[in-house]
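Accompanying notes for the structure given below.
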Amino acid sequence: MYLITGVTGHFGRIAAQTFLKNNSDQSLAILARDAAKVADLEASGAEVRIGDYGDYHSLLKAFAGVERLLFVSSNDMDNRMTHHKNVIQAAKEAGVKHLVFTSFQFVSTADDSPNAPLMKVYVATENLLKSSGMDYTILRDGLYMDMLPDIIGPTIGHQKTLYAPAGTTEVAFTLRADLAEASALVLAGQDYVNQTLDLTANESITFPEIAQQLSKIFKEEIHYISPSITEYQQTLKQAGLPEAVVGLFSGIIASIHAGEFKKTTTNLAQILKREPVRVTDYLSEVYSKK
């Protein structure tokens, strides 16, 4: 029995859809808090098990009889570590043999790293999993390419300015759907036991290059401005964005500028058996419709 968590989110849903499409002869359970939200996956053959990362006993019950589990990390910024502990401990107690965990790309967890607060949780989770006694595969996902439209902003076609304090540092933006598909393939396979894999696009790109690509799409010059982080934060606040959103985006951009997401590997392409989606193709798909 296989199980995938987080299926009401975009990542987990694609992982479940990929698994069901490719493994019709295997039994798949999916973890959800509300069965109504995954009725389509149930109709496609998945067994719905009700559980919540914050409710240990619900996890223990949901994981009964599961041998291989894909654990999509929690998106609860305040309770993420507690959630991760619950899932790993419940999986171990329930007798799960192999756990695949979606971690996050990083370079450093030093206190002066812009990404340190987030990554310390992921590194602690990785260490907990490694010491659990279960077989594991850790997938360190690259920065989602899907965040680019939010960083670029909805009015780019009118304002003609890409405003982000990322400098000229390269970043390996990676499509979330590609990462989700790869996670399902790893779950269903027998490779990568007790390994940690960096999953990123095959190539990196800079924000000036993104501006050049946008210029081609809009057939007008898109200027790139790289302000200080402080100026960027003030601009977002003046635009009326909530403090949490300002903190999230400024942290991500600071991490990009510091080179936290510039690493590229071929692992993702090897798992998918095709080239991952490129930023230039993604931008053309998104903005050619506008």
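The values are calculated or read from the model by the stated rules, or taken from the named source; none is laboratory data. These numbers were taken from a predicted model, which means no experiment stands behind them. Don't worry about glycine lacking a Cβ; one is built from the backbone with ideal geometry, like all the others, and counts go over all protein chains shown. Protein only, heavy atoms only, side chains kept; ligands, DNA and RNA dropped before computing areas. Shrake-Rupley method; radii C 1.70, N 1.55, O 1.52, S 1.80 Å.
List of remarks:
- Net lengthening on full extension, Gln238/Asp76 (0.36 nm per residue, minus Cα-Cα): 55.7 nm
- Mean projection area, nm², convex hull over Cα of region 221-290: 7.1 nm²
- Dividing the mean sequence gap of close Cα pairs (under 8 Å, 6+ apart) by how many residues region 168-223 holds gives a relative contact order of 47 percent.
- Between 0 and 90 degrees, the angle of helix 207-218 with respect to the longest Cα principal axis of the chain falls at about 80 degrees.
- Options [x] 21.8; [y] 18.8; [z] 20.0 - which one matches Kirkwood radius over Cα pairs in Å as calculated here: [z]
- For Lys237, the lysines whose Cα comes closer than 23 Å to its Cα, not counting residues fewer than 8 places off in the same chain, are Lys160.
- 10 Å beta-carbon shell around Lys263, net charge (K/R +1, D/E -1): -1
- With a Förster radius of 22 Å applied to the beta-carbon distance between Lys216 and Arg274, the computed FRET efficiency rounds to 0.35.
- Helix-only CD estimate at 222 nm, as mean residue ellipticity for the chain, using -39500 (n - 2.57) per DSSP H run (n ≥ 4): -13000 deg cm²/dmol
- Considering all different alpha carbon pairs of region 70-181, the Kirkwood hydrodynamic radius works out to 16.1 Å.
- Contact order for the chain, expressed relative to its length and based on alpha carbon pairs under 8 Å spaced 6+ residues apart, stands at 18 percent.
- The residues of region 176-221 expose, per residue, 43 Å² of accessible area to a 1.4 Å probe.
- Accessible area of region 1-160 belonging to carbon and sulfur atoms, whole % at 1.4 Å probe: 47 percent
- In region 5-120, inverting the average of 1/r over every pair of distinct C-alpha atoms gives 15.0 Å as the Kirkwood radius.
- With Cα atoms as the point set, the radius of gyration and Dmax of region 36-77 evaluate to 11.6, 32 Å.
- Rule-of-thumb Rg ratio for region 137-290 [Cα; 2.2 N^0.38 Å; N residues]: 1.11
- Cβ-defined net charge surrounding Arg49, 13 Å radius [Lys, Arg +1; Asp, Glu -1]: -3
- Mean shadow area of region 187-246 over all directions, Cα convex hull, nm²: 8.2 nm²
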